1. Could you please tell me which pairs satisfy a Cβ distance under 9 Å, a separation of 6+ or placement on different chains, a first residue in region A:68-82 that is more than 7 Å from chain B (Cβ to nearest Cβ), and a second residue that is outside any helix (DSSP H, G or I)?
2. Every residue in region A:94-114 that is hydrophobic (A, V, I, L, M, F, W, C), surrounded by 16 or more Cβ atoms within 10 Å (Cβ to Cβ) and more than 13 Å from ligand 2 (Cβ to nearest atom), please.
3. So which residues in region B:21-45 are within 7 Å of chain A (Cβ to nearest Cβ), under 20 Å from B:K132 (Cα atoms) and in contact with a Lys or Arg (Cβ under 9 Å, 6 or more places away or on another chain)?
4. On the given criteria, is B:T125 within 14 Å of another protein chain (Cβ to nearest Cβ) and either closer than 30 Å to B:A62 by Cα or more than 16 Å from the chain's Cα centre (by Cα) (or both)?
5. Cβ-Cβ under 8 Å, sequence separation 6+ or interchain: first residue in region A:288-309 and within 8 Å of chain B (Cβ to nearest Cβ), partner open to solvent by less than 30 Å² (accessible area, probe 1.4 Å) and of a type in the set (D, E, K, R). Which pairs?
6. May I ask you to list pairs of residues, at least six apart or on different chains, whose Cβ atoms are under 7 Å apart, with the first in region A:240-259 being open to solvent by 80 Å² or more (accessible area, probe 1.4 Å) and the second being hydroxyl-bearing (S, T, Y)?
7. Being touching an Asp or Glu at 6+ places or on another chain (Cβ under 6 Å) and either charged (D, E, K, R) or modelled with pLDDT under 95 (or both) narrows it down to one of A:K306, A:K250, so name that one.
8. Taking the condition of being over 23 Å from B:I52 (Cα atoms) and among the β-branched types (V, I, T), how many residues in region B:137-157 meet it?
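The values are calculated or read from the model by the stated rules, or taken from the named source; none is laboratory data. Bear in mind that the values here come from a model prediction, so they are computed numbers and not experimental data. Neighbour counts run over all protein chains shown; Cβ positions are idealised from the backbone, glycine included. Keep in mind that these areas ignore ligands, DNA and RNA; they rest on the heavy atoms of the full protein, side chains included. Shrake-Rupley method; radii C 1.70, N 1.55, O 1.52, S 1.80 Å.
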Amino acid sequence: MSSEEKLMENFMRKIEAEEKIEPKDWMPKAYRKNLIRQISQHGHSEIIGMQPEGNWLTRAPSLRRKAVLLSKVQDEAGHGLYLYSATETLGISRAELIAALQDGSAKYASIFNYPTQTWADVGAIGWLVDGAAIVNQISLQRTSYGPYARAMVRICKEESFHVRQGYEMMIALAQGSPAQKALAQDALNRFYWPALMMFGPHDSESAHSARSMQWKIKRETNDDLRQKFVDQTVAQIEFLGLQHPDADIKWNEETGHYDGGELDWDEFYSVINGNGHCNRQRIEHHVAAHEEGAWVREAMQAYREKQRNKAHKQAA
Amino acid sequence: MSVVLNNTAILEYTLRLADDSLILGHRLTEWTSHGPFLEEDIAMSNVALDYIGRARMYYGYAAELSGDGKTEDDFAFLRDEREFRNLLINELPRGDFAYSTVRQLFIDVFNSLYLPKLMQSNDETLAAIAAKGIKETRYHLRRSRDWTLRLGDGTAESHKRMQKAIDSLWGYTHELFELDELEQQLADQRVGVDNTALRAEWLATVESILSEATLTRPNDDWVVKGGRTGYHTENLGHLLTEMQFLHRSNPSCEW
Ligand SMILES: [Fe+2]
Ligand SMILES: [Fe+2]
């Protein structure tokens, strides 16, 4: 057996035994690459996800909601930070990660290409988008790469807060004036399907799924996770007294799950491929902030060097 | 003086402090997702959250004092521009990072002097709000001071931007240290603070930070005032339009 084969055997043994892979451990190149792709995509989603909700920060209708929203958006920035740090343990720099986001070679969750047109969208995002994210993230707490798994544990705690706050906002709207209730229904109608698509294509169509499952980067399939989300959402919609956006939703005695209508995958791919309302806007916003901040980062660097030289002179 | 009259004065005083905090907090939220890098984006949201939290405490107390069932949101969302009493410096636009840094520095140094005095207020609620605020302000000041040093003594460009921001903001700092009749009366009663007494130390602190940062203190020949009488710059109307529209478009709704 070559030494590479031995390393591979040891790696697979750890994976089988549910041991975590740590940054200093040997790992196959493709595992590393796959992780960088997935964790950075996850991190980018947190960062780009700040924008649609941030869109309502200056317009939140009460002081309490303003504070709650700001602290949520700030949490998302923090999640981005943990995830970037986890990605950096794989030997890629923050600057490289940002460049990949900005030139389009790295992706982020396509859900954030949908516009937040009304205040109710903020509630729908907390409830449905963070809700879908958490279904995925709970399963990722058991992912095989240690830093990623640990980041997920931390993140999940905060995400469950976001889901509760989002749902609580939807309750206030659904139980409010007729106009407020209409806002809630409209937001649900627009965000339900894109939220289901957050789980990715059907398993049969998913390019990265099989390998990721084998390496235990992913722990459950796209379709299984999506089904969990569909199932848990039915009762929540009912409690709100809103109409389910899927007219075909129906309990299946045999499977013990809800069956729903087929998703509009053409629309999904069209948005992924750039035709969403906000694809260009989100990246342009990120680029603009980054460029606007360039002189600040340069000054920080220059100051640090000056201080270092001063200390050097004093020591000499 | 009757107790009722004094309550009205304290209510007015509290609203002024609330407006200062809310308007500045609102301006700071405009940085979220626009920060120069991720860690700093998070830190600015933190400061914004502190100010919005402080505003809520002041408005909550004002609501209590008004005693007519008003809520914090009534004060924040249902008053017009002419009724807002924040000092002008808080309502000026976000500007670039240098501008926001300098504004924070001026206000942080001010609050680091003002809040310890307010902590000694005869009014227990105001004293308690100040006690919570001073902890936040000490952290804010550490940040704005560090940034002033870095940017002032960083690159030629950062230095230029900082000096420009200082020159553009200096004229708005004078009204931080003024007292009108109501504030004078409350200062005499040891409810409010005598802001005029804070200027010397404020100047000394700011001057020493600026000079360490290789920046220059402008002279005092340019003075803009009016916040406490509701005589605002054109910026506030636009800020309120954005902030209040949703609340006002659905009157008497719960959110
Ligand atoms: Fe998140
Ligand atoms: Fe979240």
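1. A:V68/A:A60; A:L69/A:W56; A:L69/A:L57; A:L69/A:A60; A:E76/A:G49; A:H79/A:G49
2. We begin by selecting, within region A:94-114, every residue hydrophobic (A, V, I, L, M, F, W, C); these are A:95, A:97-101, A:106, A:109, A:111-112.
Now drop any that are not surrounded by 16 or more Cβ atoms within 10 Å (Cβ to Cβ), which leaves A:97-98, A:100-101, A:106, A:109, A:111-112.
A:L97, A:I98, A:A100, A:L101, A:A106, listed by residue number.
3. Within region B:21-45, B:H26 is the sole residue that qualifies.
4. Details: within 14 Å of another protein chain (Cβ to nearest Cβ): no; either closer than 30 Å to B:A62 by Cα or more than 16 Å from the chain's Cα centre (by Cα) (or both): yes.
Here the answer is no, as B:T125 does not meet what is asked.
5. Close Cβ pairs satisfying both conditions: A:G293/B:E40; A:V296/B:E40; A:Y303/B:D153; A:K306/B:D153.
6. What qualifies is A:K250/A:Y258; A:W251/A:Y258.
7. Details: A:K306 fails: touching an Asp or Glu at 6+ places or on another chain (Cβ under 6 Å).
Being touching an Asp or Glu at 6+ places or on another chain (Cβ under 6 Å) and either charged (D, E, K, R) or modelled with pLDDT under 95 (or both) holds for just one of A:K306, A:K250, which is A:K250.
8. 2
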